[in-house]
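Novice: Below: one structure in structure tokens.
The values are calculated or read from the model by the stated rules, or taken from the named source; none is laboratory data. The shown structure was predicted, so the numbers you read here are calculated from the model rather than taken from an experiment. Here Cβ is always computed from backbone atoms with ideal geometry, including for glycine, and neighbour counts include all displayed protein chains. With ligands, DNA and RNA removed, areas are computed over all heavy atoms of the protein, side chains included. Shrake-Rupley method; radii C 1.70, N 1.55, O 1.52, S 1.80 Å.
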Amino acid sequence: SVIKFAARPKASFLDFMKGNVDMSLMVAIDYTGSNGHPNDHQSLHHIYGGNPSRYQHAIRQIGNIVSVYDSDQKFPVFGFGAHFNNVLVGNQYWNGVKHDFHVNFNPSDPEVAGVH
């Protein structure tokens with residue numbers, strides 16, 4: 001026999017949204033060769049006729065939804081797997097593959113303003 005029972009409703013994702021939650025979007029872009037060369041029409045990085053790549057499209061679709069719940073509208077964007085040839089970033093030159101870098105090339109702050 002049950003002597004005492006208490007039910008507590010669990011908060012849903014919608015409850016958090018209604019409660020003025022501050023959500024932040026963080027983006028990581030895969031530049032590894034497994035995505036194909038940007039000139040290849042099958043590549044996720046391919047930009048065709050001025051239209052956004054599939055990566056850009058996905059980031060914008062999700063970013064435009066999540067950004068509404070971010071109070072400062074600044075989003076850290078990281079890249080991995082890109083190959084650099086003598087690119088000056090801060091006070092050093094990047095050469096070879098970088099496995100973790102700020103896409104805005106600001107060594108002290110990975111955030112970008114807004115979703116573009």
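Novice: Condition check: exposed (fewer than 10 other Cβ atoms within 10 Å of the Cβ) and either acidic (D, E) or out of contact with any strand residue (DSSP E or B) (no Cβ under 7 Å at 6 or more places or on another chain) (or both). Does P9 satisfy that?
Specialist: When the stated conditions are applied, P9 passes them.
Each row is one residue, and each column tells you yes or no for (1) more than 27 Å from P107 (Cα to Cα); (2) of a type in the set (V, I, T); (3) modelled with pLDDT of 85 or more.
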site: K4; (1), (2), (3): yes, no, yes
site: T32; (1), (2), (3): no, yes, yes
site: P38; (1), (2), (3): no, no, no
site: P52; (1), (2), (3): no, no, yes
site: I59; (1), (2), (3): no, yes, yes
site: K74; (1), (2), (3): no, no, yes
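Novice: To continue, here is another question. Those residues that are in a loop (DSSP other than H, G, I, E, B) and more than 20 Å from H45 (Cβ to Cβ), I need them from region 78-116; list them, please. Lay out the reasoning, then the answer.
Specialist: Restricting attention to region 78-116, the residues satisfying the condition of being in a loop (DSSP other than H, G, I, E, B) are 81, 90-91, 99-100, 103-110, 114-116.
Within region 78-116, G90, N91, N106, P107, S108, D109, G114 meet the criteria.
Novice: If you check S34, S24, which single one turns out to be surrounded by 12 or more Cβ atoms within 10 Å (Cβ to Cβ) and either in contact with a helix residue (DSSP H, G or I) (Cβ under 7 Å, 6 or more places away or on another chain) or small (G, A, S) (or both)?
Specialist: Going through S34, S24 in turn, the sole match is S24.
Novice: Still on this structure: Residues of region 58-77 being over 12 Å from the mean Cα position of the chain (by Cα) and free of Cβ contacts under 8 Å to residues at least 24 places away in the same chain, which ones?
Specialist: I65, V68, D72 - these are the residues of region 58-77 that are over 12 Å from the mean Cα position of the chain (by Cα) and free of Cβ contacts under 8 Å to residues at least 24 places away in the same chain.
Novice: Something else about it: Right, Y69: among the hydroxyl-bearing types (S, T, Y) and farther than 21 Å from M23 by Cβ or not?
Specialist: Numbers: among the hydroxyl-bearing types (S, T, Y): yes; farther than 21 Å from M23 by Cβ: no.
Spelling it out, it is not the case that Y69 is among the hydroxyl-bearing types (S, T, Y) and farther than 21 Å from M23 by Cβ.
Novice: Here's something else I'd like to know. Here is a check on your reading of the model: is F78 open to solvent by less than 80 Å² (accessible area, probe 1.4 Å) and among the aromatic types (F, W, Y)?
Specialist: Yes, satisfied.
Novice: I've got another one for you. Looking only at region 37-71, how many residues end up being of a type outside the set (S, T, Y), out of contact with any Phe, Trp or Tyr (no Cβ under 8 Å at 6 or more places or on another chain), assigned to a loop (DSSP other than H, G, I, E, B) and open to solvent by less than 80 Å² (accessible area, probe 1.4 Å)?
Specialist: Here the count works out to 6.
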